[in-house]
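Colleague: Handing you this structure, nothing more for now.
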Amino acid sequence: MDALDRVVKPKTKRAKRFLEKREPKLKENTKNAMLIKGGNANLTVTEVLKDIYAVKKPFAVLYKKKNITRPFEDQTSLEFFSKKSDCSLFLFGSHNKKRPNNLIIGRMFDYHVLDMIELGIEKFVSLKDVKNSKCPEGTKPMLIFAGDMFEVNEEYRRLKSLLIDFFRGPSVPSIRLAGLEYVLHFTAVDGKIYMRSYKVLLKKSGCKIPRIELEEMGPSLDLVMRRTHLASDDLYKLSLKQPKALKPKKKKNISHDVFGTTYGRIHMQKQDLGKLQTRKMKGLKKRPAEKAAEDGGVSPKKSKSA
């Protein structure tokens, strides 16, 4: 039996807290990413991994030692590191003559590789090459995807889902305008993927709404897609399954339109509109003669007082 697979009983409170963090939960923790350097990684790949680690911190683990492995041929080492560091996302960098400046981005499901896409680096500008102010560590980015390929092509659609998983960061209950200061822009055009990083600057506009400017911050990458290893439709559907406790209960007689407006249906007994109380107006008030005609008789005349 593998050392990581056996049942371990905690002996200290610290070990108990550690194991409780790894237990299955209704609401998952923020996904961590591990960045692994291959056995023959060059300087460009190493710098890319360092910059992506700077963007992902504190939800990332950077392995500085070289690891001789080939994810498309053997995935056991990735699964071992995933269990060891409790990471469900990974980025593997390598370099060789056949596939220079190579990146493999992927994600795990139940500590097994679910999706894996190989990307080639054609152009790279690091964080330190752009002499502008940077965003603080742990800033949640705004993700923008441009290009029809992200909607038409299945591989690009899966890559978009993978990039959202990788860079989305923690879920937040509310948003502060000043906190929207980091943009990651991905463009797919002519068979290439362009990744750009911007810092949002809020300028004075003379009114309540500020004027927005984007300042390039780095890193920026020009990527090209190479090999892919995608999960089958059944396995992908299984990985998206939610527990019953998280599914919202369906409320009867309530519907929503495309704009999010809520409509409710009320069931009432049949009403007699003849007894409906309406607003009384002098113009609609019946005269004594009309009332008598409806009753079918003539009202007696009042006797004059002597």
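The values are calculated or read from the model by the stated rules, or taken from the named source; none is laboratory data. This structure is a prediction, so every number in the text was calculated from the model and none was measured. Methodologically, a virtual Cβ is constructed for each residue, glycine included, from the backbone with ideal geometry; neighbour enumeration extends over all protein chains shown. Areas reflect the complete protein model, heavy atoms only, side chains present, ligands, DNA and RNA absent. Shrake-Rupley method; radii C 1.70, N 1.55, O 1.52, S 1.80 Å.
Colleague: Just to be sure I follow the definition: excluding the sites themselves, where is the longest run in the chain that has none of the GluC sites (Glu not before Pro) in a DSSP loop with at most 13 other Cβ atoms within 10 Å?
Modeller: Looking at the chain, 138-306 is the longest stretch - no exposed GluC sites (Glu not before Pro) with at most 13 other Cβ atoms within 10 Å.
Colleague: Find how much the distance from F72 to K286 grows on full extension, using 0.36 nm per residue of separation minus their present alpha carbon separation; answer in nm with one decimal.
Modeller: Length difference between fully extended and current span is 67.9 nm.
Colleague: From the Cα gyration tensor of the stretch 25-114, with a ≥ b ≥ c the square roots of its eigenvalues, which class applies: rounded if a/c is under 1.5, or else prolate if a/b is larger than b/c, or else oblate?
Modeller: oblate
Colleague: At a 1.4 Å probe radius, carbon and sulfur cover how many percent of the accessible area of the stretch 210-255? Can you show the working numbers first?
Modeller: Working: 1940 of 3620 Å².
The value for the stretch 210-255 is 53 percent carbon and sulfur by accessible area.
Colleague: Okay, moving on. Rounded to the nearest 0.05, what FRET efficiency do V258 and I212 give with R0 = 30 Å and r taken as the Cβ-Cβ distance? Could you check? Let's see the in-between values first.
Modeller: Values: r = 28 Å, r/R0 = 0.92.
For V258 and I212, the calculated efficiency is 0.65.
Colleague: Please report, ordered by residue number, every helix of the chain (full DSSP H runs) that is 24 Å or longer along its axis going by C-alpha atoms and whose mean Kyte-Doolittle hydropathy reaches 0.5.
Modeller: Qualifying helices, which must be both long enough and hydrophobic enough, do not occur.
Colleague: Separate question: Classify the stretch 162-276 as rounded, prolate or oblate, taking a ≥ b ≥ c as the square roots of the eigenvalues of its Cα gyration tensor: rounded when a/c is under 1.5, otherwise prolate if a/b is larger than b/c and oblate if not.
Modeller: oblate
Colleague: If I model a spin label as a point 7 Å beyond the Cα along the Cα-Cβ vector, how far apart are those points for Y53 and Q269 in nm?
Modeller: So the label points at Y53 and Q269 sit 7.5 nm apart.
Colleague: I've got another one for you. Could I have the simple spin-label model distance between K203 and E122, label points 7 Å from Cα toward Cβ, reported in nm to one decimal?
Modeller: Simple spin-label model gives 3.2 nm for this pair.
Colleague: Can you give the local net charge around S205? Use residues other than it whose beta-carbon is closer than 14 angstrom to its beta-carbon, Lys and Arg +1, Asp and Glu -1.
Modeller: On the way: positive: K203, K204, K208, R211; negative: E213.
Net charge in that neighbourhood comes out at +3.
Colleague: Given H placed 1.01 Å from N in the peptide plane, which residues other than close sequence neighbours of N67 have an amide H under 5 Å from its amide H?
Modeller: Excluding prolines and chain starts, which carry no amide H, the hits are K37, G38, G39.
Colleague: Which value, in Å², gives the accessible area per residue of the chain when a 1.4 Å probe is used on the protein heavy atoms? Intermediate values should be presented prior to the final figure.
Modeller: Working: 22480 Å² over 306 residues.
Accessible surface, normalised per residue, equals 73 Å².
Colleague: Based on DSSP H runs of at least 4 residues, each adding -39500 (n - 2.57), what is the mean residue ellipticity at 222 nm of the chain after dividing by all its residues, to the nearest 500 deg cm²/dmol?
Modeller: Counting only the DSSP helices, I get -6500 deg cm²/dmol.
Colleague: Between the stretch 109-173 and the stretch 208-241, how many Å separate their Cα centres?
Modeller: Between the Cα centres of the stretch 109-173 and the stretch 208-241 lies a distance of 3 Å.
Colleague: How are the Cα pair distances of the stretch 166-218 distributed, in percent, across 5 Å bins from 0?
Modeller: 4, 15, 19, 21, 18, 13, 7, 3, 1
Colleague: Next up: My understanding is that a pair violates if its Cα-Cα distance is over 24 Å; which of K56/K241; K37/K97; K97/K199; K50/K131; K57/K199; K123/K199 do that in this structure?
Modeller: Numbers: K56/K241 26 Å; K37/K97 17 Å; K97/K199 36 Å; K50/K131 17 Å; K57/K199 17 Å; K123/K199 21 Å.
Long pairs (Cα-Cα over 24 Å): K56/K241; K97/K199.
Colleague: If you don't mind, there's one more thing I want to ask. Which whole-percent values make up P(r) of the stretch 101-243 when all C-alpha to C-alpha distances are grouped in 10 Å steps starting at zero?
Modeller: 10, 34, 33, 18, 4, 0
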